[in-house]
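Student: Please find one structure pasted underneath; my questions will follow.
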Amino acid sequence: MDKITVNGQEYILASSVVPNERAVNTDGLKYVIVRTYSAGVFAGYLESRNGQEVVLRNARRLWYWSGAASLSQMAEDGTTNPDGCKFPCEVDRVELLQAVEILDCSEKSRLSIYSVNVWELK
């Protein structure tokens with residue numbers, strides 16, 4: 001992938017990402033979006049699943065998104081409006097109960113989710 005560095009921050013050029021390439025980390029964990037029954041929506045690396053119990057690593061809650069019509073579009077294309085999204089900080093590990101949907105993410109989607117600045121109350 002082609003990369004550039006701006007102000008010490010490394011970016012991957014969107015044109016170098018294969019749209020249907022699935023996001024997998026060096027440990028072979030898939031990057032996914034998980035919708036739960038009552039805890040909301042999370043994106044992260046799928047460590048395990050046992051029925052409706054899911055463990056994600058390096059996970060962010062997708063509290064509010066803009067620039068994608070649905071979670072399905074978010075999983076494929078990411079967001080076209082990262083400034084309009086509210087994704088809090090990443091946590092190392094989260095155990096989610098009552099998962100009702102797990103979507104595999106493309107590499108394009110993962111990069112898009114990572115591009116959203118951390119949302120926090122000031």
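The values are calculated or read from the model by the stated rules, or taken from the named source; none is laboratory data. Only a predicted model underlies this, so the values are computations on that prediction, with no experimental measurement involved. No Cβ is skipped: glycine too gets one built from the backbone with ideal geometry, and neighbour counts run over all protein chains shown.
Student: Quick check: anything in the stretch 6-29 at pLDDT 95 or above and in contact with a strand residue (DSSP E or B) (Cβ under 6 Å, 6 or more places away or on another chain)? Can you show your working first?
Tutor: Keep residues of the stretch 6-29 that are at pLDDT 95 or above, which gives none.
No.
Student: Now for a separate question. Test of understanding: among Asp92, Asp77, which residue is more than 16 Å from Leu103 (Cβ to Cβ) and acidic (Asp, Glu)? Please lay out each step first, then the result.
Tutor: Numbers: Asp77 fails: more than 16 Å from Leu103 (Cβ to Cβ).
One residue alone meets the criteria, Asp92.
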